[in-house]
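The values are calculated or read from the model by the stated rules, or taken from the named source; none is laboratory data. It should be emphasised that the depicted structure is a prediction, and the values quoted were computed from it without experimental measurement. Every residue, glycine among them, receives a Cβ derived from its backbone with ideal geometry; neighbour counts consider all protein chains shown. Please note that ligands, DNA and RNA were not included when accessible areas were found on the heavy atoms of the full protein model with its side chains. Shrake-Rupley method; radii C 1.70, N 1.55, O 1.52, S 1.80 Å.
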2 protein chains.
Amino acid sequence: MVYDYAGMVALADPTRRKVFELVAEGPRSVANLARILPVSQPAISHHLKVLREARLVRAEPRGASNIYHVDPHGLGEMRAWLDQMWGNALDAFRNEINKAKERKE
Amino acid sequence: MVYDYAGMVALADPTRRKVFELVAEGPRSVANLARILPVSQPAISHHLKVLREARLVRAEPRGASNIYHVDPHGLGEMRAWLDQMWGNALDAFRNEINKAKERKE
DNA sequence: GTTTATCATAAGCCATGGTTTATGATTATG
DNA sequence: CATAATCATAAACCATGGCTTATGATAAAC
C-alpha cells in the first residue's frame with residue numbers, strides 16, 4: 001500500500017480539520033470559510049492548500065471565487081491505511097490468544 | 001459523535017506512527033522499540049504515552065519490562081469519524097448532482 | 001474605467017511539540 | 001548485596017508550522 005500520510009498530517013490541526021469538515025458538508029468559497037472561522041483569509045487559503053495537496057479537497061474557480069469541494073481520494077487512502085491497521089490489530093489478538101492456549105496445553 | 005481527534009494528532013508524527021505500526025504488528029517492549037527506531041528511549045516512552053492517551057495502545061507490565069499492545073478503541077473512534085465524513089462527502093455529491101439537474105429542468 | 005471583492009503567495013513572528021541528556025524508581029541477575 | 005537492565009518523568013533546546021500583515025492579480029459591480 002502506498003500511503004504518504006498527508007491526510008493524517010493535514011487533519012491533525014484543529015482549524016484545518018474544521019475547514020475540511022465544513023467543506024465536507026457542502027461546497028464553500030474561501031471568503032465564506034474566512035467569515036465563519038476566527039482566522040484570516042490567508043490562513044484559510046493556506047489550510048486549503050494543504051488539504052488540496054492531501055487530495056482531501058479540490059478547488060473549482062467560479063468567477064472571482066474559488067469553490068472548494070470534498071475530494072474522496074484523500075479520505076479513501078486514509079480508510080485503506082486504517083483498515084490495514086485494523087486487520088493487523090485483529091491478527092495480533094489472534095496470535096496472543098493462540099500463544100496463551102499453547103502455554104496452557 | 002464524541003471524538004476528540006486525539007488519534008489523528010497522535011498519528012500525524014512520523015516516528016510516533018512508526019511506533020504504532022510496529023506495536024500493531026505484535027506486542028513489543030519499550031526497549032525493543034528503542035533498539036529498532038533511531039530515537040532515544042525517553043522519546044519512545046513519550047510517544048507511547050501520547051498513543052496511550054489516544055487509546056491506540058495499552059501497556060502491560062511484565063517484570064521490569066513494559067509490553068505494549070494495540071488498543072482497538074482508538075482505531076475504532078477514528079474509523080467512525082472517517083465513515084461520517086465519507087457519508088457527508090457522498091451526500092454533498094448527491095446534492096450537487098440534484099442541483100445540476102434542477103438547473104437543467 | 002474605477003472601485004470593490006475574492007483569492008493566493010511571501011515574509012516574519014512566535015508557540016507548540018519532538019528530541020536529547022539527566023535522573024530516579026523498579027525489577028532481574030550475579 | 002551489588003550490578004545491570006528497563007522504563008517514566010523532568011528540563012532544556014530548537015526546528016516545524018500556524019498565524020498575521022502586506023501585497024499583487026484577477027474578476028465582478030457600479
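Do you know which residues across region A:53-65 are open to solvent by 10 Å² or more (accessible area, probe 1.4 Å) and either near DNA strand D (Cβ under 10 Å from one of its atoms) or within 10 Å of A:F20 (Cα to Cα) (or both)?
Listed by number, the residues that qualify are A:P61, A:R62, A:G63, A:A64, A:S65.
Need pairs with beta-carbon distance below 8 Å; first residue away from every other protein chain (no Cβ under 14 Å) and within region A:61-75, second more than 8 Å from DNA strand D (Cβ to nearest atom) and small (G, A, S); sequence gap 6+ or separate chains.
Listed pairs, sorted by first residue: A:S65/A:S29; A:S65/A:A31; A:N66/A:S29; A:N66/A:A59.
For residues in region B:1-40 being within 14 Å of DNA strand C (Cβ to nearest atom) and charged (D, E, K, R), which is farthest from the other protein chains (Cβ to nearest Cβ)?
B:R35
Against the condition within 11 Å of chain A (Cβ to nearest Cβ), surrounded by fewer than 17 Cβ atoms within 10 Å (Cβ to Cβ) and either hydroxyl-bearing (S, T, Y) or more than 20 Å from the chain's Cα centre (by Cα) (or both), how does B:L90 come out, does it pass?
Numbers: within 11 Å of chain A (Cβ to nearest Cβ): yes; surrounded by fewer than 17 Cβ atoms within 10 Å (Cβ to Cβ): yes; either hydroxyl-bearing (S, T, Y) or more than 20 Å from the chain's Cα centre (by Cα) (or both): yes.
Judged against the criteria, B:L90 is a match.
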